[in-house]
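Notes follow the structure.
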Amino acid sequence: MVEQQRTELWRWTESRWMNPDLDWRGKLITSGIDVGSVSSQAVILTDGELYAYSNMRTGVDSPDSAMKAINWAMENTGLTLKDLAYTVGTGYGRVNVPFSQRAITEIACHARGGNFMYGPTVRTILDMGGQDCKAIHCDEKGKVTNFLMNDKCAAGTGRGMEVFADLLGVSINDVGDLSLQVDKEPPPVSSTCVVYAKTEATGLLREGWPKNKVLAAYCSAMAHRIMTLLERIGVEEDFAITGGIAKNKGVVTRLEKEVGIPIMKTKYDTQIAGAIGAALFAKALLEKTKK
Amino acid sequence: MITMGIDLGAKNVKVVILKDNKIVAKSNVLAGFEVKENAQKAIDIALKQAGISKDDLDKVVSTGAGEKLAPFYDETKSIVGCDSLGAVYLHPAARSVIDVGAEEGRGMRCDNTGKIIDFEVNEKCAAGAGAFTEAMSRALEVSLEELGPLALKSTQDIPMNAQCTVFAESEVVTMVHNKVSKADMSKAIHDAMASRISSMIRKIGFDKDVVLVGGVAKNIGFVTSLNKDLGLEVVVPKDPEYVGALGAALAAAGWKGGA
C-alpha cells in the first residue's frame, strides 16, 4: 500500500465542468476530443459557446480514453453521443476517436482554442503538454503562421515534472507553490536529461538541500529549457501558455521573468485549449457542409 | 615500472595496475555518492591484489567524469584518450572505438598509437547510454543481466518511437498492454539504443576494426543490434568496462602502441 501511495503523487486532479445557465436543446452541438499522451479532454460547445468539458488522464487505450472523456463531459447533461452533430479529434491519439468525423492536428487546434480562450490579440501560444512542448505563432483568427516543437525529449514537458514530483514525494499540484518558497533562487539543475536530472537532484537532497530548493532548481531549469525553444521562434505579444504546465506557478513565474513579457491569464482550464479548438473546427466544418 | 589507472565513471570506479605494461590487478567498485571513499576502496582492493603498497606506484593517471575526485593522482587524461589507448593495446588493429558507459556514449577514431584523430560524445541524454537499458530493465521487470540475452529470442521487429528514456518507459508500458512479448520488447529497446549510438558514430565515420568498450559492451542484445546497424562485427574485449582505466595506466607508463 505504501508503494501505491507513492506512485499516486504525480497524479494531477482530473476535472469536469458544465455551464448551468445554458440549455443545449435546440442548439447546434459540436464537440472536440483531445487525446494526448498523458491527458485527454472532451469539450462540448452549443452554438459555439462553451457548455461542458472534462479533463482526465489518458489510459493505455486511446479509443477508450476518448469515450471516457466524452461520457464524463456529458454526465448529468442529458446529452448522448447521438446529439453531437459533429466531432473533431485532435492530439496524439486523434485518429483513434471512434465517434469523430475528422481528425485535425493539435497545433492547429491549440492556436484556435488559444484564440478563443485568450482573445484575438494572442500571437504566441506555448503549449506545454505531457510529452511535448510547442511554440505556436498565430494570427488574429487563431490560424497558425509558424510553430516549433520538442517531442523528442522529456526535459521541459509535464512528464518530466511528474517524474520529479514522484522523486521528491511532493504532489504535482504543490510543486509550483513549493518551488517559490525559497529566499534565494538556487542555480538551476544542470542536466538536461530528466534521467540525469533525477540523479543530480538526489545528490542535492543528500547534500541537505530542502525539497523546495530542489524544486526551485528544477522549475528554473525547465523554464530555461523552454526559453531556448522560444528564442528560436521568437515571442510576439500577446503571449499565452496552454497545457498542464501552465498551471505550475513555479515554471510560469520563472519563464515570465526570462521572456520579459507578461503571460496572459484565463478563466478556463489551460488543459482544454486543444479540445476547444477541435470543437470550434467541428462547428466550422459542419457549417461548411450545410451550405 | 608500476603504474595505476583510475577511471571514475558516472556509476563505477575502475582501477587497473600495470607492471611493465602487463595487467597485474584490476578492481571495480560502485561509485555511489561517496565517490572519494569508494575510489579509495577500489584502489585498496587493486593494491592488495597486486601485492604492493601505494609507495610502489611509479605514476598514477586518473580519468573519467570524476577524474578530479580520485584520492591521489599525478596527472589526469581525457577518457577518450584513455579509451583509445586501452583499445589499441588490447586489439592493435583498432582504429575506431565505441565506449558506451552508464551515462555517456562516445565514439572515437585513432591512429596505431592510440592517439585520437576525431571523437564525438553524448553526455546530454540517457537515450544512448547504460542508464537507458537500466530504466528499461526496470520497466520490463527483467534483470539487467537477462535483458540482453532475452532480445536474442525475439521473433519480430517492433519499432520503438520514443527516443527519450522517460517516454520510452511509457511506450514499454503500452507494449505490455498490447501483449508484445518481453523478448520482442527487449529487442526493440536494444535496436533503439544501437540506432542512437550508430548515428553518433556515423558523424565521425568508422573503419572496419571497431572495438566496443564500456559496461554496456557486456550486453549481448545491444552488441547484436549494433552489429546489424553498422553492418560489421564489433570486437568486444574481455572485461570491456576496464578499458578506460587500462588506458589511464598505459598513459601513466608512457605506452605508445606495441609495434
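The values are calculated or read from the model by the stated rules, or taken from the named source; none is laboratory data. This is a predicted model, so every value here is computed, not measured. Ideal geometry is used to build each Cβ from the backbone, glycine not excepted, and the neighbour counts take in all protein chains shown.
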Check the stretch A:213-222 and report whether any residue there is touching a Lys or Arg at 6+ places or on another chain (Cβ under 7 Å) and more than 22 Å from residue A:56 (Cβ to Cβ).
-> yes
Being within 21 Å of residue A:192 (Cβ to Cβ), of a type in the set (A, V, I, L, M, F, W, C) and more than 14 Å from every other protein chain (Cβ to nearest Cβ), is that true of even one residue in the stretch B:157-173?
-> no
Verdict on residue A:241 being in the same structural domain as residue A:146 (by TED's automatic domain parsing), within 21 Å of residue A:40 (Cβ to Cβ) and outside any helix (DSSP H, G or I) = yes
Check residue A:195 against each of (1) hydrophobic (A, V, I, L, M, F, W, C); (2) touching a residue at least 12 places away in the same chain (Cβ under 8 Å); (3) assigned to a helix (DSSP H, G or I) and name the one condition it does not meet.
-> (2)
Only strands (runs of 3 or more DSSP E) wholly contained in the stretch A:1-100 count here; list those with 1 or more residues that are among the β-branched types (Val, Ile, Thr) and closer than 24 Å to residue A:267 by Cα.
-> A:29-35, A:39-46, A:86-90
Which one of the conditions (1) in a helix (DSSP H, G or I); (2) not assigned by TED's automatic domain parsing to the domain that holds residue B:29 does residue B:251 fail to meet, given that it meets all the rest?
-> (2)
Regarding residue A:226, is this residue touching a strand residue (DSSP E or B) at 6+ places or on another chain (Cβ under 7 Å), more than 13 Å from every other protein chain (Cβ to nearest Cβ) and assigned to a helix (DSSP H, G or I)?
-> yes
Considering residues of the stretch A:170-210 that are within 10 Å of chain B (Cβ to nearest Cβ) and among the hydroxyl-bearing types (Ser, Thr, Tyr) only, the residue farthest from residue B:33 (Cα to Cα) | A:192
Of (1) touching a strand residue (DSSP E or B) at 6+ places or on another chain (Cβ under 8 Å); (2) over 21 Å from residue A:94 (Cβ atoms), residue A:231 satisfies every one except (1)
In the stretch B:174-195, how many are within 14 Å of chain A (Cβ to nearest Cβ), in a helix (DSSP H, G or I) and within 23 Å of residue A:130 (Cβ to Cβ)?
-> 5
Which of the following residues is away from every other protein chain (no Cβ under 14 Å), of a type in the set (Lys, Arg), crowded, with 17+ Cβ neighbours inside 10 Å and touching a residue at least 60 places away in the same chain (Cβ under 8 Å): A:247, A:213?
-> A:247
Quick one: would you say residue B:198 is within 14 Å of another protein chain (Cβ to nearest Cβ), free of Cβ contacts under 8 Å to residues at least 40 places away in the same chain, part of a helix (DSSP H, G or I) and under 26 Å from residue A:155 (Cα atoms)?
-> no
Identity of the residue in the stretch B:145-156, part of a helix (DSSP H, G or I) and touching a residue at least 60 places away in the same chain (Cβ under 8 Å), that ends up nearest to the other protein chains (Cβ to nearest Cβ) | B:147
State whether one or more residues within the stretch A:93-104 are under 29 Å from residue A:261 (Cα atoms), surrounded by fewer than 20 Cβ atoms within 10 Å (Cβ to Cβ) and touching a residue at least 12 places away in the same chain (Cβ under 8 Å).
-> no
Selection count, the stretch B:42-82, where residues are more than 12 Å from residue B:2 (Cα to Cα) and assigned to a helix (DSSP H, G or I) = 14
Residue set B:31, B:65, B:10, B:70; condition away from chain A (no Cβ under 14 Å) and crowded, with 17+ Cβ neighbours inside 10 Å; output residue B:70
Would you say residue B:99 is more than 16 Å from residue B:192 (Cα to Cα), among the charged types (D, E, K, R) and either modelled with pLDDT of 95 or more or surrounded by fewer than 16 Cβ atoms within 10 Å (Cβ to Cβ) (or both)?
-> yes
Could you please find all residues in the stretch B:1-29 being of a type in the set (A, V, I, L, M, F, W, C) and under 22 Å from residue B:122 (Cα atoms)?
-> B:6, B:8, B:10, B:13
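One line per residue, one yes/no per condition, for (1) in contact with a Lys or Arg (Cβ under 8 Å, 6 or more places away or on another chain); (2) modelled with pLDDT of 95 or more; (3) basic (Lys, Arg):
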| site | (1), (2), (3) |
| --- | --- |
| B:1 | yes, no, no |
| B:6 | yes, yes, no |
| B:34 | no, no, no |
| B:44 | no, yes, no |
| B:50 | yes, yes, no |
| B:77 | no, yes, yes |
| B:85 | no, yes, no |
| B:88 | no, yes, no |
List, please: which pairs have Cβ atoms under 7 Å, are six or more places apart or on different chains, and start with a residue in the stretch B:7-24 that is outside the structural domain of residue B:104 (by TED's automatic domain parsing) and over 16 Å from residue B:241 (Cβ atoms) and end with one that is among the hydroxyl-bearing types (Ser, Thr, Tyr) and assigned to a strand (DSSP E or B)?
-> B:18/B:3
